[in-house]
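Values quoted throughout were computed directly from the atomic coordinates according to the rules given, and no laboratory measurement underlies them. Worth saying up front: this structure is predicted, and the values here are computed from it rather than measured. Positions of Cβ are generated from backbone atoms using ideal geometry, with glycine treated the same way; all protein chains shown enter the neighbour counts.
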Amino acid sequence: MVDMHRDGNNDIMDMKRINAGKLRAIGYDARERILRVEFDDGSAIDYAGVGSEVWRRFSTSGAAWSFYRDNIEEEFAGKRGRAAVDSKRAELDALFGGAEVEKKPNPLDALFKQLDK
């Protein structure tokens, strides 16, 4: 599946959804030589100066997480950001301010409080 994402210059970048390690989507802007990597926690990193051959090898790798760790993460300077909103619910929450999710109490908290006394 391919999604669209606007980069820092407001250019559209095609994002390829993947499920490899912590990676959730990858995209490449050949003109600007920027590689965008989006993670399962919603964070994203844009790497500058990435050549098209590195992109080709990364995007076709059978082990994208390993390729990322070995060939991109340590080799290129990255700029952190946030991943594009990827679900309809998240889009609505971002637009209208989603309801806060109530945090359920941990039943072990009471036990530890008793032990601390």
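Structural remarks
- Filtered by the rule that a residue be surrounded by 14 or more Cβ atoms within 10 Å (Cβ to Cβ) and β-branched (Val, Ile, Thr), the range 16-64 gives ILE18, ILE26, ILE34, VAL37, ILE45, VAL50, VAL54.
Condition check ((1) in contact with a helix residue (DSSP H, G or I) (Cβ under 9 Å, 6 or more places away or on another chain); (2) farther than 19 Å from ARG80 by Cα) across all residues:
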{"position": "LYS16", "(1), (2)": "yes, no"}
{"position": "ARG31", "(1), (2)": "no, yes"}
{"position": "VAL54", "(1), (2)": "yes, yes"}
{"position": "TRP65", "(1), (2)": "no, no"}
